[in-house]
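Presented below is the structure to which this report refers.
The values are calculated or read from the model by the stated rules, or taken from the named source; none is laboratory data. Bear in mind the structure is a predicted one, so any value in this text is a computation, not a measurement. Every residue, glycine as well, gets a Cβ built from its backbone with ideal geometry; the counts of neighbours run over all protein chains shown. Just the protein is used for accessible areas: all its heavy atoms, side chains included, with ligands, DNA and RNA removed. Shrake-Rupley method; radii C 1.70, N 1.55, O 1.52, S 1.80 Å.
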Amino acid sequence: MALTKRRRREAFWFYLFVSPWVIGFLAFMLGPMIASVYYSLTDWDSFTAPKWVGLHNYTELLTDDPDFWHVLGHTVYYAAISVPLGLVAGLWLANLLNKRIRARKLFRTLIYLPTLVPLVATSMTFMRMLAPSGPLNKALGLLGIQGPAWLVDATWIKPALILMSLWGAGGATVLLLAAMRGIPRELYEAAEVDGAGSTRQFWSITLPHLTPVIFFNLVMGLIAAFQVFTQVYILAPKASNAGAYNGAQTMVPLLFDQAFGTYHMGYASAIAWLLFAVILVFTVIAFRTTRRWVFYETEVK
Amino acid sequence: MAGVLTTTAPERTRVDGAPPGAPARRSADRVRAFRATPFTYATLIVVAAILTTPIVFAVSIALSSDATVSNATFTVIPREFHWENFSRVFGSELPMGRFLINSVIISVCSVAGQVLSSGLVGYAFARLRAPGKDALFLVVLATMMVPAQITMIPQFILFRELGWVNTFLPLIVPNFFSNAFNIFLVRQFVTRLPSQLDEAAMVDGLGFFGIYRRIMFPMLRPVLIAIGIFTLTYTWGEFMGPLIYLNDESKMPLALGVQYITTTSTPGQPPPWNLVMVGSILLAVPMVIVYYLGQKHLYEMDINGGSAGLR
C-alpha cells in the first residue's frame, strides 16, 4: 500500500497511541481466551502438568453432573424473574415520578439511593433484613403471615436474592425517567383532544417510546444476572449454609468454587465457556424478538 | 407497531393556541398522563419508605451495643446511639483503617490508569487515520461481549506466574491498558468535538501527542470524569477480584474486609454486626458523595441518551 510520508507518520502515531489497548488485549483477553479453551479440554489442578481429556469436561458437565443442571436452573430462574420484575417495577416508579408531583427530586433520590450502595454492603444489610425475626418477617407478621427462613431454606433463598435485586430497581427508573421526559409533549396533547385517558396514554404513547430503553436494560440486565456472584457467595456460602447453597448456587459461584476452592481449573474453564454460550443464546433470543415489540421512531418518519 | 399514536406534532397547530415553538410544558402537564392524584403520592411515599428501610436499619445496627448484637434484638428505628462504634473500627479491634487505605490505593491507581489510557486510545480511534483502524475498532467492540469469567482463570495463572498474588497489582495494572467501554465513550465524545482545533494546531506544528496533551486532554474533561466515576464505583465495590488475589487481612480492601470479618468471628458467636454495619456504611457513603458531586458531569455526558441507540 502506497502511503505518503505524512500518512505513514499518522499511522505510526495511531498504533503507538492504541498500543496500551493492543497490549492489554493480547495479554489479558486474547491470550487468556486461547488458554481458557485449552484448559477446558484438560484435567488440571494448576500445579502439576495438565492432562488432555478432550471434550470430557463438557460431556461430564452436560450429562454426568447433576449439580450443573441445578445450578444452571437456579441461574436462569434468577435472571428470568429478577430482570423483568425489576424492569416492571422500575417502569412503574418512573411513570409515577414523571407526573406533575411535588418533591420529585427527593423521591427520585430516595428511589435511586439503593443502587449506589456497593453489593457487599447491600448483602450485609439484607442478611439482617431477611433474618428469621428481621424487619421483613416482622412486617409480614403484622399482616398475619408467618415469614419463611429466607436465608436458610433452599426454597426461599432464590426469592430472597430476587427481593434484594428489586431493592436496586431504581437504577432502571432513572434511565426510564430520563427517556420519558424526552417524549414530545404534543403527542399527549393530541391524545387528550382525542379523549384518551391516562392509562391509554401510557400504553399508546409512553410505553412504545420507551421500548428501546427497556430493551437495552433487558439485555444488559440479563447479561449481568447470569453473572451474579457477590450476593450469592455472601448469602449462600458453601461452608456454613448448606441449605441455601443447594437452593441458590448459580454459575459463577460454582465456577469460582471449582477453580479456587478445589482447583479444578479445566472443569471451571469449561463452565466459563458454557456460561458464555448460555448468555449468547439468551442475548440472541432477545434480539430476535425486537422486531415484534421494540419501536424506533425513525421507522415511522 | 399497533396502537402507537404518531403525529408530526411540531408542524400542526398547537392545541393550546400558542404560537409554534412556545414552551408547551404548561398545557402539556395538564394532560391526564401527568396528572398526580393522592394515590400517586401515597404510592410514592410507601415505596420510598420501603426502599429507605434497609438503610435506616443498617444505621440502627451500626449504632447498637454489643449486647444487642449478641441477642440479635435489632430495631429498624435506632433505640441506642453508640457512636463510639465508628471510632472502635479504627482501633485495635478491627483493621478497618487498613481496609479503607487499601481501598483508596487500589481505587485511585485504577482510576488513574483508566483515565490516562482510555483518553489516549479513544482519541486515536476518533481522529487519527491508519490502515486497519476500522477492523481494530470492531475488535474493541467485540471484546465487550466476552464475559470476564472466560479470562478469569488464565489471568489468575498469569499473575501467579508473575508472583503478583497477594499484591494489589492484579487489581490495578490491567486498568492501565484501558477497556472497550471507556474507549468507546471517549471516541464518541471526540467525534462530536469540532476538528478545526486540532487541524489548526497541526498547522502550527504541534505533533500528535502535543495535540492530545495540550488540546484534546483538557477538552476531554467531562468524559474522563465520567470514566473516573465509573472506574471508582466499580473498583471500590469490587469483591471477586480481591477475593481471588488477596489472602492477607492486611492487604484486603474494605469490600472484601467487611465480608471477611463476618466469616472469622469466634465459633458460636454472632459476627460483630454493629461493626460490620459501620464498615458497610463506610463502604457506601463515599459512593453517595461521588455520585452527588459527579451527577452533573454524568448528565452532561448524556450517558442515558446514549443507551437508546442500541439496536
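Details
- Hey, A:Ala244 in a helix (DSSP H, G or I) and buried (at least 20 other Cβ atoms within 10 Å of the Cβ) or not: yes
- Subset of region A:94-123 [under 25 Å from B:Thr231 (Cα atoms), facing another protein chain (nearest Cβ under 8 Å) and more than 20 Å from the chain's Cα centre (by Cα)]: A:Leu110
- On inspection, B:Glu80 does not qualify as more than 29 Å from the chain's Cα centre (by Cα) and open to solvent by 70 Å² or more (accessible area, probe 1.4 Å).
- Total residues in region B:33-72, condition more than 9 Å from chain A (Cβ to nearest Cβ), more than 20 Å from A:Leu116 (Cα to Cα) and open to solvent by 30 Å² or more (accessible area, probe 1.4 Å): 8
- Lone unmet requirement of (1) at the interface with chain A (Cβ under 10 Å from one of its Cβ atoms); (2) more than 25 Å from the chain's Cα centre (by Cα); (3) open to solvent by less than 40 Å² (accessible area, probe 1.4 Å) for B:Asn85: (1)
- Helices (runs of 4 or more DSSP H) within region A:1-90 that include 2 or more residues at pLDDT below 95, of a type outside the set (A, V, I, L, M, F, W, C) and at negative phi: A:5-25
- Any hit, region B:160-173, residues being assigned to a loop (DSSP other than H, G, I, E, B), under 19 Å from the mean Cα position of the chain (by Cα) and either within 12 Å of chain A (Cβ to nearest Cβ) or among the acidic types (Asp, Glu) (or both): no
- For region A:195-211, filtering for residues that are within 8 Å of chain B (Cβ to nearest Cβ) and more than 13 Å from A:Phe295 (Cβ to Cβ) leaves 5.
- Scanning region B:114-129 for residues that are touching a helix residue (DSSP H, G or I) at 6+ places or on another chain (Cβ under 6 Å) and surrounded by fewer than 20 Cβ atoms within 10 Å (Cβ to Cβ) gives B:Ala126, B:Arg129.
- Any chance A:Pro253 is open to solvent by less than 10 Å² (accessible area, probe 1.4 Å) and within 11 Å of chain B (Cβ to nearest Cβ): yes
Matching residues to (1) surrounded by 15 or more Cβ atoms within 10 Å (Cβ to Cβ); (2) acidic (Asp, Glu):
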position: B:Ile211; (1), (2): yes, no
position: B:Ile215; (1), (2): yes, no
position: B:Pro218; (1), (2): no, no
position: B:Glu249; (1), (2): yes, yes
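- For region B:134-159, the tally of residues that are assigned to a helix (DSSP H, G or I), free of Cβ contacts under 8 Å to residues at least 60 places away in the same chain, of a type outside the set (Ser, Thr, Tyr) and within 8 Å of chain A (Cβ to nearest Cβ) stands at 11.
Table: residues versus (1) facing chain B (nearest Cβ under 9 Å); (2) open to solvent by 20 Å² or more (accessible area, probe 1.4 Å); (3) small (Gly, Ala, Ser).
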position: A:Gly134; (1), (2), (3): yes, no, yes
position: A:Leu140; (1), (2), (3): no, yes, no
position: A:Gly182; (1), (2), (3): yes, yes, yes
position: A:Glu186; (1), (2), (3): yes, yes, no
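- Looking at A:Phe28, A:Phe17, just one residue is surrounded by 14 or more Cβ atoms within 10 Å (Cβ to Cβ), within 7 Å of another protein chain (Cβ to nearest Cβ), farther than 22 Å from B:Phe156 by Cα and not polar (S, T, N, Q), and that residue is A:Phe17.
- Taking the listed residues A:Phe226, A:Phe215, A:Phe287, the one that is more than 23 Å from A:Leu166 (Cα to Cα) and within 11 Å of another protein chain (Cβ to nearest Cβ) is A:Phe287, with no other qualifying.
- In region A:222-241, residue farthest from A:Pro184 (Cα to Cα) [restricted to those that are surrounded by fewer than 21 Cβ atoms within 10 Å (Cβ to Cβ) and of a type outside the set (A, V, I, L, M)]: A:Ser240
- Per-region count, region A:152-169, residues more than 16 Å from A:Ala225 (Cα to Cα), surrounded by 18 or more Cβ atoms within 10 Å (Cβ to Cβ) and in contact with a helix residue (DSSP H, G or I) (Cβ under 6 Å, 6 or more places away or on another chain): 1
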